Amino acid sequence: MTGGAGYIGSHAAKTLHRAGYRVVVFDNLVAGHRAAVKYGTLVTGDIGDLAAVRHALRAHEIFAVMHFAAFLDVGESVRNPAKYYRNNVVGALTVLEAMAAESVKYFVFSSTCAIYGEPIETPIAETHPQQPINAYGESKLAVERALPHVERAHGMRWAALRYFNAAGADPDGEIGEDHSPEIHLIPRAIQASAGSARLEVFGDDYPTPDGTCLRDYIHVADLADAHVRALEAIAETGKSGAYNLGTGHPHSVREVIDAVGRVTGRTVPWTLAPRRPGDPAVLYAAPHKAQRELHWTPRFGDLETIVRTAWAWHEAHPEGYDQK
């Protein structure tokens, strides 16, 4: 898997290992952590290096690729779109080119609900119009649009998994979320509750019940489970497709702050900041297709349960993977 030293990739590696697969992690460690690779063999390399990707595929006799390697900061993508197109689009196409050259036939793609843009209707189904409002979403959509062409040309089967808001940590406490800088709401709220910088809430004037953005928080272990199910589905049925991964139940920023306060037993200090460019007001999934075709149902759908697993990992690793 590419990007397997990152947040979602490391959890997927554990789930694959437990399902009996041999895992090879291909990661340049720019955003990932060597210490997060607890399951599988780490190969250090860059997805933009075609020869290196081909060598890894061939040397380890890879039959399928899960592609997690991507930049994911929406705000940064608005400020620096070229960086996102270069890594997220060109990098993914390089991986696909290497797979075609080495006759690797199965590809599971880490996509995003950001491909939809401002929702026309909610919950969002896979048939919803795709009109991204930021470069991050556009970069993921560009890869999705390439996949049917790659399939026709090379017979490669694929699944595009459109995450809503990944959250939480390994229920066993082995691996967790450690970005630098941290951009996700739940770990930022946990850090604020522990006395770091105040949490910033980006806008409270959205057309939502409490004025803050509504998001669908999906536990990272449930995402990892969906990846294994998607791989097995495309291998067994030969049918490619895209799937929304979410709970179907949105929570506001203020609801998340309240949940973190209850779980940690601490106040979460926060300040109001301007809206971020590229942030839709409401995003939540209609996950019925994944439930029907992948036989996947989230096990950790309750917000407080998600926060509790995140808190347990951060409490044990206050300095993240760099902790001595």
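The values are calculated or read from the model by the stated rules, or taken from the named source; none is laboratory data. Remember, predicted model here, so these are calculated numbers, not experimental data. Neighbour counts are summed over all protein chains in view; Cβ atoms, including those assigned to glycine, are modelled from backbone coordinates with ideal geometry. Side chains included, ligands, DNA and RNA excluded: accessible areas come from the protein's heavy atoms. Shrake-Rupley method; radii C 1.70, N 1.55, O 1.52, S 1.80 Å.
Things to note:
- For segment 81-134, a residue qualifies if it is farther than 30 Å from His60 by Cβ, in a helix (DSSP H, G or I), of a type in the set (A, V, I, L, M) and at pLDDT 95 or above, and the qualifying residues are Ala82, Ile115.
- Odd one out for Gly301 among (1) part of a loop (DSSP other than H, G, I, E, B); (2) modelled with pLDDT of 95 or more: (2)
- Within segment 253-267, no residue that is under 19 Å from Leu214 (Cα atoms) and polar (S, T, N, Q) sits with its Cβ atom under 8 Å from a residue that is part of a helix (DSSP H, G or I) and open to solvent by less than 70 Å² (accessible area, probe 1.4 Å) at 6+ positions apart or across chains.
- Within segment 299-322, the residues that satisfy the criterion of being open to solvent by less than 30 Å² (accessible area, probe 1.4 Å) and touching a strand residue (DSSP E or B) at 6+ places or on another chain (Cβ under 6 Å) are Leu303, Ile306.
- So Ala153, is it aliphatic (A, V, I, L, M) and either open to solvent by 10 Å² or more (accessible area, probe 1.4 Å) or in a loop (DSSP other than H, G, I, E, B) (or both): yes
- Positions within segment 7-56 being open to solvent by 20 Å² or more (accessible area, probe 1.4 Å) and assigned to a strand (DSSP E or B), in sequence order: Thr41, Leu42, Val43, Thr44
- For segment 226-270, the candidate set comprises residues that are closer than 20 Å to Ile190 by Cβ and assigned to a strand (DSSP E or B); within that set, the residue that is most open to solvent (accessible area, probe 1.4 Å) is Trp270.
- Asp216 vs. criteria acidic (Asp, Glu), buried (at least 22 other Cβ atoms within 10 Å of the Cβ) and in contact with a Leu (Cβ under 9 Å, 6 or more places away or on another chain): yes
- Neighbours by Cβ (under 7 Å, 6+ apart or cross-chain): first from segment 108-123, over 18 Å from Ala290 (Cβ atoms) and charged (D, E, K, R); second outside any strand (DSSP E or B) and at pLDDT below 95: Glu118/Ile133; Glu118/Pro280
- When residues of segment 57-78 are limited to those that are part of a loop (DSSP other than H, G, I, E, B) and at pLDDT below 95, the one surrounded by the most Cβ atoms within 10 Å (Cβ to Cβ): Leu72
- Pair list, Cβ < 8 Å and 6+ apart or interchain, from segment 186-212 residues that are more than 30 Å from Thr122 (Cα to Cα) to residues that are in a helix (DSSP H, G or I) and open to solvent by 10 Å² or more (accessible area, probe 1.4 Å): Gln191/His314; Ser193/Gly261; Ser193/Thr264; Ala194/Thr264; Ala194/His314; Ala197/Gln191
- Total residues in segment 121-147, condition farther than 21 Å from Asn87 by Cα and buried (at least 22 other Cβ atoms within 10 Å of the Cβ): 1
- Only one entry of Glu76, Glu121, Glu126, Glu97 meets the criterion of being more than 19 Å from the chain's Cα centre (by Cα) and closer than 22 Å to Ala166 by Cα, and that entry is Glu121.
- A single member of Pro187, Pro181, Pro171 is modelled with pLDDT of 95 or more and open to solvent by 10 Å² or more (accessible area, probe 1.4 Å), and it is Pro171.
- Selection status of Ala273, surrounded by 22 or more Cβ atoms within 10 Å (Cβ to Cβ) and on the phi < 0 side of the Ramachandran plot: no
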